[in-house]
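What follows is a short report on a single structure.
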Amino acid sequence: MTRHTFTPPDMNAILGGRRLRRNRKADWSRRLVRETLLTVNDLIWPIFLIEGTNVRQDVASMPGVQRLSVDQAVVEAEKAAALGIPAIALFPFTEPSLRDPTGSESLNPNNLVCQACRAIKAAVPEIGLITDVALDPYTSHGHDGVMEGDRIVNDASVALLVQQALRQAEAGADVIAPSDMMDGRVAAIREVLDESGFLDVQIMAYSAKYASAFYGPFRDAIGTSKTLIGDKRTYQMDFGNTDEALREVELDIQEGADMIMVKPGMPYLDVVQRVKETFAMPTFAYQVSGEYAMLQAAARNGWIDGERAFIESLAAFKRAGADGVLTYFAPLVAPLLPR
Ligand code: PBG
């Protein structure tokens with residue numbers, strides 16, 4: 001048998017001196033050339049509310065996440081402010097007995113969300129308060145609008161959503177965030193807010209919100225997973241589309257949105273990037289409940305290094321161009337991030 005003598009390649013000649021690894025040689029250098037940086041200022045923390053006092057109830061499908069009574073939500077809001085988290089977003093678990101076909105509890109100025117707004121504003125005035133506009137936590141059928149037969153009717157739904165938004169602004173919400181995906185709701189909400197003197201209340205529009213399997217644990221958290229009739233595909237977007245996302249965002253900007261959102265997050269980073277590049281608007285992404293559950297499940301099984309994976313997943317949003325992320329990991333990662 002012949003023995004082949006092996007001459008190693010002359011790598012320096014091949015590379016012509018071009019070695020991208022040089023900049024990675026030490027921590028100081030990696031920090032110096034880093035292009036994007038996730039900080040505490042990029043985080044929005046979604047919080048689930050429930051009736052009662054001193055209640056903290058685990059959400060089974062979201063390990064580490066709890067439903068909180070208003071007094072406990074105040075405690076967490078204080079914690080968030082101390083950590084430097086700029087804003088929190090509120091979502092209610094409505095008592096089943098208070099749910100009806102038109103979601104009338106959404107218009108109760110003393111509903112859970114309004115109570116929490118007043119309590120948090122009084123105790124932690126420096127934190128940004130974002131409230132969700134949609135009927136699903138309040139309807140017996142779990143849809144974001146009202147039903148006629150098996151249809152979710154747009155215009156009648158918007159008429160209710162604007163009143164819901166007004167109640168939230170009156171209770172002290174800083175940012176109204178419609179997640180319902182009805183057509184024209186941003187303009188209608190802007191009009192009623194302005195007429196009522198809430199000129200400075202911002203609108204963060206869930207502009208490109210997809211009909212997604214990743215919302216499962218959220219529906220568990222607000223108690224709609226068993227009650228939802230059918231699915232939300234006649235108003236939430238089809239996951240095959242991105243041009244349509246641009247049209248949704250464009251309309252919401254024209255209608256007066258101050259900030260726009262893409263949702264879910266990780267499976268839709270391409271949409272985040274296109275939206276940011278096209279409109280240069282304050283752009284947010286929602287790392288939704290299913291994404292949280294997935295990462296937590298792997299971390300808790302020891303299959304991935306949780307802390308590192310959570311931060312890496314959030315950094316991806318910044319790289320894609322997002323200005324911030326709604327994430328259930330907010331209180332967990334905030335102490336690990338620069339301010
Ligand atoms: C509904 C709403 C949903 C979420 C926020 N607002 C779910 C849905 O559309 O059914 C999902 C958030 C999450 O999954 O974390 N208005």
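Values in this text are rule-based calculations from the coordinates and carry no lab data. Worth saying up front: this structure is predicted, and the values here are computed from it rather than measured. Virtual Cβ from ideal backbone geometry, glycine too; neighbours counted across all protein chains shown.
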Worksheet entry | Label-point gap, in nm, between V55 and N41 - each point 7 angstrom along Cα→Cβ | 3.8
Discussion item. Multiplying the sequence separation of D150 and E95 by 0.36 nm and subtracting their Cα-Cα distance, what value in nm do you get?
Written reply: 17.4 nm
Response to the item:
For 25-35, 325-335, 78-88, ranked highest to lowest by mean beta-carbon neighbours within 10 Å, the order is 325-335, 78-88, 25-35
Worksheet item: In degrees from 0 to 90, rounded to the nearest 10, what is the angle of the helix 269-279 Cα long axis to the longest principal axis of the chain?
Response: 80
Item to complete: Return one number: the angle in degrees, 0 to 90 and rounded to the nearest 10, between the long axis of the Cα atoms of helix 185-195 and the longest principal axis of the Cα atoms of the chain.
Response: 60
Response to the item:
Given backbone amide H placed at 1.01 Å from N, residues whose amide H is under 5 Å from that of L49, ignoring those fewer than 5 places away on the same chain, are L68, F91, F93
Worksheet item: In nanometres, what is the gap between the two model label sites at D194 and A122, each 7 Å from Cα along Cα-to-Cβ?
Response: 3.3
Practice prompt. Tell me which residues come under 5 Å, amide H to amide H, from M182 once H is placed; ignore anything under 5 positions away on its chain.
Written response: none
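Greater than 25 Å separation of Cα atoms is the criterion. Which listed pairs, K226/K263; K121/K276; K121/K318; K263/K318; K121/K232, meet it?
On the way: K226/K263 22 Å; K121/K276 31 Å; K121/K318 29 Å; K263/K318 15 Å; K121/K232 33 Å.
Exceeds cut-off: K121/K276; K121/K318; K121/K232.
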Fill in: Cα centre as origin, Lys/Arg/Asp/Glu Cβ charges: the chain dipole, Debye
2180
Item to complete: With θ set to phi - 60°, apply the Karplus curve 6.51 cos²θ - 1.76 cosθ + 1.60 along the stretch 135-144 and write out the HN-Hα couplings as whole Hz, x wherever there is a Gly or Pro.
Response: 9, 4, x, 10, 8, 5, 9, x, 8, 7
Worksheet item: Which one of M281, T327, Q296 has its Cα pushed farthest toward the positive end of the charge dipole of the stretch 271-339, where Lys and Arg give +1 and Asp and Glu give -1 at the Cβ?
Response: M281
Worksheet item: Taking K and R as +1 and D and E as -1, what net charge do the other residues with C-beta under 10 Å from the C-beta of V262 add up to?
Response: +2
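I need K263, K226 ordered by Cβ neighbour count within 10 Å, fewest first. Could you put the intermediate results ahead of the total?
Values: K263 25, K226 9.
Fewest-to-most Cβ neighbours within 10 Å comes out as K226, K263.
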Practice prompt. Give the Rg (one decimal place) followed by the Dmax (whole number) of the stretch 37-334, computed from C-alpha coordinates and expressed in Å.
Written response: 17.6, 54
Worksheet item: the stretch 203-339: Rg/Rh from Cα coordinates, Kirkwood Rh?
Response: 0.98
Worksheet entry | Crossing angle, helix 70-83 versus the chain [Cα axis fit, 0-90 degrees, rounded to tens] | 30
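Need the full-extension length gain, D243 to T278, defined as separation in residues times 0.36 nm minus the C-alpha distance. One decimal, nm. Mind dumping the intermediate values first?
Working: separation 35, 0.36 × 35 = 12.60 nm, distance 1.10 nm.
Length gained, D243 through T278: 11.5 nm.
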